[in-house]
Amino acid sequence: MKSVVALAGLSGLCATLVACGGSPPPPPAATPKPVAAVPAAAPAAVPRPAGPALPAPGTVQPAPLVGVPAVPQATGANYEPKGRRDPFLPPDLTGGPKGLEVSTTKLTGIVRSARTTLALVETTDGIGYILKPGDTLGDGRLMEIAADSVVFAIAAKAGSPSNRVVLKLAAN
């Protein structure tokens, strides 16, 4: 009896293979590669009507949204300074308060850490500034900080004998 059941199963399997083609499908046929066309003489320029620019050939243009209002386009920045500096203009290179001269300031301290060195400078008005090399103060730029002094490079002025000012730390 087992042989009859096995034979029936085998015949069913054969029938299924015959119905499906019986063998694996053939590999897909190779598609022919397109041959580059030889460019013909360029046609004369055709005048285009004035209007929106046409998309490049082969690009897809998005369909306009129906029922959605158009977003207004900004025409440019409208800034009201109200006494503040305009952030859209380059910063003033003479940094610091106007009319302040480095020669009228005094060095009140030097702070050293593992990562940076800072200079503490005080104006005649009692206003203090914390500066690092490269910072500007009035008419000068801090160039270097030594153990007990700082060196400023001063903007060139007519009649000034030197373009460097050295401020020394006052001994207590």
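Counting only residues that are more than 23 Å from the chain's Cα centre (by Cα) and modelled with pLDDT of 70 or more, which one in the stretch 80-98 is farthest from Val166 (Cα to Cα)? Walk me through how you get there before you give the answer.
Taking the stretch 80-98 first, the residues more than 23 Å from the chain's Cα centre (by Cα) are 80-85, 92-98.
Keeping just the survivors that are modelled with pLDDT of 70 or more gives 80-85.
Details: Glu80: 41, Pro81: 37, Lys82: 38, Gly83: 34, Arg84: 33, Arg85: 31 Å.
Filtering first and then ranking leaves Glu80.
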Exercise for the section: Could you list, in sequence order, all residues of the stretch 125-158 that are in a loop (DSSP other than H, G, I, E, B) and closer than 19 Å to Gly99 by Cα? Expected result: Asp125, Gly126, Ile127, Asp135, Gly138, Asp139, Ala155, Ala156, Lys157, Ala158
Practice task
Could you please tell me which pairs satisfy a Cβ distance under 7 Å, a separation of 6+ or placement on different chains, a first residue in the stretch 68-93 that is over 20 Å from Asp135 (Cβ atoms), and a second residue that is of a type in the set (A, V, I, L, M, F, W, C) and at pLDDT below 70?
Solution key: Phe88/Ala77
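The values are calculated or read from the model by the stated rules, or taken from the named source; none is laboratory data. Model, not experiment: these values are computed from the prediction. All Cβ positions, glycine included, derive from the backbone under ideal geometry; neighbour counts span all protein chains shown.
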